[in-house]
Amino acid sequence: MQIKTDFDLGEALVKLESESKELKDDSNGDNPYSIGDDGCLFKNKILKDGAVIPVKLANFEAWITEEVIEDNGIETAHHYTIAGKVKNRHLSKIQISASQFSNLNWVYQWGNQAIAEPGQGIKDYIRHAIQVMSKNISRLTCYTHTGWREINGQWIYLSESGAIGTDNISVKLSKELQRYNLPLKPEDELEAIKTSLSFLNIGKKEITLPLFALLYLSPLTTLLEPMPNFLGYLYGETATFKTSISILSLCHFGQFNFIANLSNFDDTSNALTKRAFTLKDTLLIIDDFHPSNKRTDAQQMETLAQKIIRACSNRTGRHRLNPDATDKGAYEPRGMVLITGEELVSLQSTLARVMVIEISHGDIDRGKLTEIQSKTQLLPHAMTSYISWVRENINEIKNTFPKRFIELRDRAFKEDTHKKLPEQVAYLQFALDTAISWMVDKGVLNENEAKSLSKEGWNIFIELSKKQSQRIEREDPIERFKEIIQTMITQGRVKIEHKEEYKKEIIGGEMGELIGYYDDLYTYLLPPALWHSLQKYCIAEGSHFPFSKNTFYRTLKSRGLIETSGDKTSITVKIKGEAMRVLKFTDRGICGKGVTCVTNGGDA
C-alpha cells in the first residue's frame, strides 16, 4: 500500500542545497556553522556526495564578547558577556555565569524575538556554535574582595577603585559595597592625616582611642598571624552618636556620608558572614543591636549576634562542598567588625570575644564631630597613605608582630583578667603603635607626641580590659544560677526541706515547689526539679538560661561546687529514710544567706 504525502524529499534536498549557496559561510574545517542572509543560525550538514545541507538552529546569532574570571580569594568563577542579533537588529547584552551557559535558559532574556528551533540536541548545537564562532573574546581577571593580595610576588591592596600598589587591576564589588572605594594615590596627604588624627578629639579618649586603634587594625587583619580574635562593640543609649562616629570611622575606607546600605541586625546570618568575608582587611559596621518588646524578635537578634561574634572571633565560616564532594572552602571573616547596640549580648563566652566601648550622652562633642564630618572627603586619602606605608614595610610588620604580640599580651595579663582580654589589648596596642610610626614618618607627630599617645592608648586599653572582665564575671552562668535560686527562695516560689524527717523547718515558701533538701553541712538539690524551676523562672523573666542541662551539671562539677561519684554528677543520698539521686552542693550558702526559714506553722 502506498501512502501519499505532500512532502517530497527530493524537492526538499534541492531547496536546502540552493539555500546553502546563499549562506555567509564563516566556517572552516573546525566550524560547521554559518549565518544565513536572514540572520538565522545554521548547522552545515555534509552529505556523502559532498553536498551541504543547512539545518536551521535558531533565528538569531549570538557570540561571547567577554569572559570575566572572578576571584574571591578561595575560588574562581567564570562569567560571560553575550551579544546577539535577530536579522539586523542588535539585542541587549547578557551577563551570565559560565555554569548557566550550556542550558541556554538565558536566551529568554531576549524575549520572544529570539527563537531556538525544536528538536533533540538543538540547544547543544547552539551552545557549540556560539563558542566556535566567537572571535576576539576579551578575557579579564576581576577580584571580588577588598584587602591584601600577593600577586607575582607583589603585595597590593584592593578596593572598588582598583589596587593600591599597581595598575591594571580590576575589582568588582556588589552594589551595596561599592562605597568601599579608596583613591589609588593620596592627595593632600598631610592634611588628610591630620584630619584622621583629629578623630581622637571629637569626644572622650576612652571612646575615640579604641575606635581609632580598631580602625587602623583593620588593614592589618590578614597580615597578622594569628589574626585578631575579637570584635569592637560600641554600646550605649540611643542618641549618643553611636552610628555617627561609626560611619565616621567607615569614611576612612570610602564615601560613607549616609546610613543607607549599612549592615544591621535585620540582615541574615549568611549575608553578614559573606560581607565579613568579602571585606577583607577592611572595617565592617553592623548597626543597631536594639531591645525589642517582642520576645521572638529579641531571641532572633540575640542568636544572630552570637553567630556573627563567634564566626568573626574564631575566623570560621560554614564549609561547603563541590558537586564532587571536595571541599569548596568557607566564607570565614577576614576583616574587623564593629557592632553598635543599645544592649549587650548575654553569654559570658561571647562577651569575652568583644571589646566593649561604652558611650553615654555628652561623651561626644557635637561641634567637633560636625567639624570633622565636613572634611570626610580627606579621610580615604589618609587611609591610602597608611596602606601605602604598610605596603612598603609589610615584611617588617609581618616578621616583628609575633614576638611583639607576645610581649604586649604578657604585659597586659593580670590574674583577675579573663584570659582572652590581654590579647585584645595586644592587638589594639600593636595597631596604634603601627599607625603612630606611620604618622611620625610623615612628620605629623614628633617623637614625644608619639610616646605620649602610645602610653595613653595603653592605659585606656588596660582600663577597658578591666571593665570587660567585670562584665564577664557578672554574666557567669554559675553566678546567674545562684542569683535565680536565691530570688526564687526569697519570693517563695520554691522550697528546700530539711533532710531529716523529724525536722519540719523549710527554706523558701511553704507552698513553693520542692527542689531539694538541706542539713547543717550540705544542700541536696533534685536535678529534674531544679532544672524545671530554672527554666520556668527564665521563661517568666523573658530570658533563657545560657547552659544546657548537662553542660550546667558538668560546670558545677568542674568548679568543685558539687560532690560527684566517678563520671556522674549526681550521687545517691539517703533522705528521710529514702535513697535519692541528688546534686550534693558542698557550698551550704547556695540557698542564700539570711533567708527566712519557715515551718508549717509560720516563721521559725
Note on the stretch 77-108: residues among the polar types (S, T, N, Q), out of contact with any Ser or Thr (no Cβ under 8 Å at 6 or more places or on another chain) and over 17 Å from Cys40 (Cα atoms) are Ser92, Ser97, Ser99, Gln100, Ser102, Asn103, Asn105
Looking at Ile507, Ile515, which is the one that is touching a helix residue (DSSP H, G or I) at 6+ places or on another chain (Cβ under 6 Å), touching a residue at least 60 places away in the same chain (Cβ under 8 Å) and outside any loop (DSSP other than H, G, I, E, B)? Ile507
Condition first: among the acidic types (Asp, Glu) and under 30 Å from Leu561 (Cβ atoms). Now tell me which residues in the stretch 420-465 satisfy that. Glu423
Scanning the stretch 512-553 for residues that are modelled with pLDDT of 90 or more and charged (D, E, K, R), which turns out nearest to Pro291 (Cα to Cα)? Lys536
Members of the stretch 133-155 found to be on the phi > 0 side of the Ramachandran plot and either surrounded by 13 or more Cβ atoms within 10 Å (Cβ to Cβ) or in the same structural domain as Asp71 (by TED's automatic domain parsing) (or both), listed by number: Asn136, Gly147
Could you count how many residues in the stretch 466-482 are assigned to a helix (DSSP H, G or I) and within 18 Å of Ile562 (Cβ to Cβ)? 6
Which residue out of Met301, Met336 is within 19 Å of the chain's Cα centre (by Cα), surrounded by 17 or more Cβ atoms within 10 Å (Cβ to Cβ) and under 25 Å from Gly457 (Cα atoms)? Met336
Restricting to the stretch 558-602, and then to whatever is at pLDDT below 90 and of a type in the set (Lys, Arg), can you tell me which residue is nearest to the chain's Cα centre (by Cα)? Arg559
Whichever residue in the stretch 522-543 is surrounded by 14 or more Cβ atoms within 10 Å (Cβ to Cβ) and part of a loop (DSSP other than H, G, I, E, B) and, among such residues, is farthest from the chain's Cα centre (by Cα): Tyr522
Quick check, is Ser99 outside the structural domain of Pro333 (by TED's automatic domain parsing), over 21 Å from Lys135 (Cβ atoms) and out of contact with any Leu (no Cβ under 9 Å at 6 or more places or on another chain)? yes
Within the stretch 397-433, how many residues turn out to be closer than 20 Å to Ile357 by Cβ and among the polar types (S, T, N, Q)? 3
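From Asp567, Asp519, grab the single residue that is surrounded by 12 or more Cβ atoms within 10 Å (Cβ to Cβ), of a type in the set (Asp, Glu) and on the phi < 0 side of the Ramachandran plot.
Criteria check complete, one pass: Asp519.
What number of residues in the stretch 434-461 are of a type outside the set (Ser, Thr, Tyr) and under 27 Å from the mean Cα position of the chain (by Cα)? So that I can check it myself, show each step before the final result.
The initial filter retains those residues of the stretch 434-461 that are of a type outside the set (Ser, Thr, Tyr), namely 435-436, 438-451, 453, 455-461.
So of that shortlist, the ones also under 27 Å from the mean Cα position of the chain (by Cα) come out as 435, 461.
Count: 2.
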Look at the stretch 156-168 and say how many of its residues are surrounded by fewer than 18 Cβ atoms within 10 Å (Cβ to Cβ) and modelled with pLDDT of 95 or more. 2
How about the stretch 39-50: which of its residues are in a strand (DSSP E or B) and under 28 Å from His79 (Cα atoms)? Leu41, Phe42, Lys43
Going through the stretch 547-564 one residue at a time, which ones are loosely packed, with under 12 Cβ neighbours inside 10 Å and in contact with a strand residue (DSSP E or B) (Cβ under 8 Å, 6 or more places away or on another chain)? none
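The values are calculated or read from the model by the stated rules, or taken from the named source; none is laboratory data. These numbers come from a predicted model, not from an experiment. Every residue, glycine as well, gets a Cβ built from its backbone with ideal geometry; the counts of neighbours run over all protein chains shown.
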